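Q: Please find one structure pasted underneath; my questions will follow.
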Amino acid sequence: MYKSFNVKTLGILEINYSKNVFPEQGKRSRQVELLIIYLILNRDKNITSRQLISYLWGDKEDQVTIGALRNLVYRARKDLKKLYAKEPCILSKGHSYFWNPAVKCQVDYEEIMELSERIMKGNDTDSQYRDCCWLADKFENPFLPELQDNEWIGQLNRKLIKNCFDALFQTIDKLENEGRFQEIVELTGHPHLAGIENELLFIKKMNAYYHLKETDRALKYYQELMNSYYLFYGIETAPQIKELYQKCLDERPQVQLDTISIEDFLESSDTLKGAFYCDFYVFKRIYRLNIADTRSSDHKRALVMLTLSGQSSEENAMSEESQRLKDIMMKNLRKSDIFSQYSTTQYFLIIEAPKTGGIETAIERIIRYFDREKTHPEISISKKIKEID
């Protein structure tokens with residue numbers, strides 16, 4: 001009995017039919033995969049050769065011939081025949097190509113889009129909540145992440161994210177209006193949503209904790225957000241999150257700590273390692289405090305400037321190397337060290353050591369790690385060190 005193709009697009013592309021799988025392990029072709037998934041997602045349309053070339057090759061379409069497209073279609077048909085040999089999956093008519101309507105497909109992208117539409121059109125909060133939980137179950141990976149640099153793949157991924165979050169927040173708003181804050185906590189705490197950086201999601205979850213009077217959980221969650229915002233992104237939390245934090249403090253029982261307890265709490269180690277990263281305006285304030293503090297300290301502190309330079313033929317080379325440098329500093333500087341990014345090519349650091357030579361050693365280590373790990377050899381790093389006095 002014939003059954004449809006199971007097309008997995010959330011994550012790395014995989015098409016299953018019976019016991020057969022496309023693409024075969026170790027035989028991936030970016031252009032073949034783009035062609036096949038485009039025809040599957042547009043299987044109700046005839047696509048002209050020129051349209052296909054535009055979608056598959058983007059701004060390089062002027063360099064691609066009709067013959068190159070024919071060769072690509074031939075390769076795709078050959079690969080699909082190993083998956084399903086009963087009839088051809090890709091058909092042609094004149095100067096256009098289309099997916100064989102007799103070859104049925106179940107596509108996870110289409111299922112999750114249909115589910116989000118159903119949630120947004122729904123009227124029953126219970127059904128919408130259940131569907132949102134199911135939506136979160138399915139929303140495990142982005143749409144074809146390995147092909148995101150292709151324009152139409154990126155557009156579909158953005159549409160997927162927008163639809164899912166529109167459905168999610170519409171349901172959360174209804175749950176809020178009905179006072180069902182425990183369900184909001186459970187929904188926003190879904191493992192597939194936990195790693196998503198969405199400010200409104202953070203606000204909704206913290207607001208739910210506040211209304212449930214779970215102030216300790218709210219304050220712990222706020223601390224996690226602060227660590228994420230400052231240490232990884234160097235920015236402040238949203239004003240609404242700060243307002244909720246203050247509300248939680250106001251609701252907290254009037255219990256006070258003694259000096260020993262607060263010292264133990266402040267000195268206790270957390271799971272975050274490495275230096276403190278902050279935005280440049282926070283860095284300026286910290287620098288001014290360091291000027292005053294250095295005068296009464298035996299340790300040396302220095303302002304360090306690290307600058308990236310060089311030209312690369314790759315468009316995002318400098319951004320990639322800048323992020324690599326940031327990751328290296330985050331892992332290899334000490335917790336007492338502070339750094340900030342001024343621009344794509346420049347970072348400033350405040351480093352402390354018993355002697356000036358120790359500061360030089362720490363910076364040379366960072367540069368050595370960077371030179372070893374960088375993937376664009378034409379980009380180099382230079383340093384300037386000025387003692388704070």
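Q: Considering only the stretch 308-336, state which residues are closer than 18 Å to R368 by Cβ and charged (D, E, K, R).
A: E321, R324, K326, D327, K331, R334 - these are the residues of the stretch 308-336 that are closer than 18 Å to R368 by Cβ and charged (D, E, K, R).
Q: Also: Counting only residues that are of a type in the set (G, A, S) and modelled with pLDDT under 90, which one in the stretch 8-28 is surrounded by the most Cβ atoms within 10 Å (Cβ to Cβ)?
A: This residue is S18.
Q: Right, something else. Quick one: which residue in T237, T215 is among the hydroxyl-bearing types (S, T, Y), under 26 Å from M330 (Cα atoms) and modelled with pLDDT under 95?
A: T237
Q: If only one of E114, E110 is within 22 Å of K3 (Cα to Cα) and surrounded by fewer than 13 Cβ atoms within 10 Å (Cβ to Cβ), which one is it?
A: Criteria check complete, one pass: E114.
Q: Restricting attention to the stretch 337-347, does a residue exist that is more than 17 Å from Y369 (Cα to Cα), within 20 Å of the chain's Cα centre (by Cα) and at pLDDT below 90?
A: Yes, the conditions are met somewhere in the stretch 337-347.
Q: Would you be able to tell me the number of residues in the stretch 117-168 that are among the basic types (K, R) and within 19 Å of Q182 (Cα to Cα)?
A: Count: 1.
Q: Let me ask something else about it. Write out, first by first residue and then by second, each pair whose Cβ atoms fall under 8 Å of each other, whose residues are 6+ apart or on separate chains, and whose first residue, in the stretch 96-115, is basic (K, R) while the second is surrounded by 15 or more Cβ atoms within 10 Å (Cβ to Cβ).
A: K104/F5
Q: Now for a separate question. Given the stretch 145-232, what helices (runs of 4 or more DSSP H) lie entirely inside it while holding 2 or more residues that are of a type in the set (D, E)?
A: 151-177, 181-188, 215-226
Q: Can I ask one more? Which members of the stretch 1-55 meet the condition of being under 25 Å from the mean Cα position of the chain (by Cα), closer than 21 Å to S92 by Cα and not hydroxyl-bearing (S, T, Y)?
A: Scanning the stretch 1-55 gives Q31, E33, L34, I37, L41.
Q: Same structure again: Under 8 Å by Cβ, and 6 or more places apart or on different chains, what pairs join a residue from the stretch 375-389 that is exposed (fewer than 13 other Cβ atoms within 10 Å of the Cβ) with one that is of a type in the set (S, T, Y)?
A: From residues that are exposed (fewer than 13 other Cβ atoms within 10 Å of the Cβ), the pairs are S382/T307; S382/S309; K384/T307; E387/T356; D389/T294.
Each row is one residue, and each column tells you yes or no for (1) assigned by TED's automatic domain parsing to the domain that holds N150; (2) assigned to a helix (DSSP H, G or I); (3) of a type in the set (A, V, I, L, M, F, W, C); (4) crowded, with 16+ Cβ neighbours inside 10 Å.
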| position | (1), (2), (3), (4) |
| --- | --- |
| L34 | no, yes, yes, yes |
| I37 | no, yes, yes, yes |
| R43 | no, no, no, yes |
| Y55 | no, yes, no, yes |
| D62 | no, yes, no, no |
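The values are calculated or read from the model by the stated rules, or taken from the named source; none is laboratory data. The structure displayed is predicted, hence computed values, not measured ones. Glycine gets a Cβ as well: all are built from the backbone with ideal geometry, and neighbour counts include every protein chain shown.
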